[in-house]
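The values are calculated or read from the model by the stated rules, or taken from the named source; none is laboratory data. Computed from a prediction, not measured in an experiment: that's the story for all the values here. Ideal geometry is used to build each Cβ from the backbone, glycine not excepted, and the neighbour counts take in all protein chains shown.
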Amino acid sequence: MSNSIAFVVYLIFLMLGATTAGYMEDKYPASVLEDTNLDMFGLTRKYDYPLESHFVTTEDKYILCLFRLRRPKARPVFLMHGLLDSSITWILSGPWAALGYYLYDLGYDVWMGNA
């Protein structure tokens, strides 16, 4: 009986190892992996987008950093990240998938907040 339980436990661990092994492999293109080491300015420079940073001090003396994909005289749009996140969320997945780049390409002046 104890041998059969040990065998079942062994099979469970074997299946878990087989299902998670695919996540350990590096299947991403080199350009995507390179992006993970870049900051906001590095990403926008790589994809040739104009980025500015602005600092705003609130009434309670908290200093916030805002980033802007600058398009003068265009309609502004403000993107704010969720809890435990940052403004890089809006550009991290690249021009082909990120909302910040997409809105800029549609003609908006894109502001991204950090808190």
message: Residues that are in a helix (DSSP H, G or I), surrounded by 11 or more Cβ atoms within 10 Å (Cβ to Cβ) and at negative phi: does segment 52-72 have at least one?
response: no
- prompt: Name the residues in segment 57-87 that are modelled with pLDDT under 95 and touching a helix residue (DSSP H, G or I) at 6+ places or on another chain (Cβ under 6 Å), would you?
  reply: 81
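Yes/no per residue for (1) touching a Cys at 6+ places or on another chain (Cβ under 8 Å); (2) loosely packed, with under 14 Cβ neighbours inside 10 Å; (3) without any contact (Cβ under 8 Å) to a residue 12 or more places away in the chain:
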site	(1), (2), (3)
83	no, yes, yes
93	no, no, yes
99	no, no, no
105	no, yes, yes
114	yes, no, no
message: Against the conditions (1) modelled with pLDDT under 95; (2) within 16 Å of the chain's Cα centre (by Cα); (3) closer than 21 Å to residue 103 by Cβ, where does residue 34 fall short? Just the number, please.
response: (3)
field: Count - residues of segment 33-47 that are in a helix (DSSP H, G or I) and within 14 Å of residue 67 (Cα to Cα)
entry: 6
task: Answer yes or no: is there a residue in segment 98-107 that is closer than 15 Å to residue 48 by Cα, at pLDDT 95 or above, over 16 Å from the mean Cα position of the chain (by Cα) and among the aromatic types (Phe, Trp, Tyr).
output: yes
message: Condition first: small (Gly, Ala, Ser), within 11 Å of the chain's Cα centre (by Cα) and within 17 Å of residue 44 (Cβ to Cβ). Can you find one or more residues in segment 68-83 that meet it?
response: no
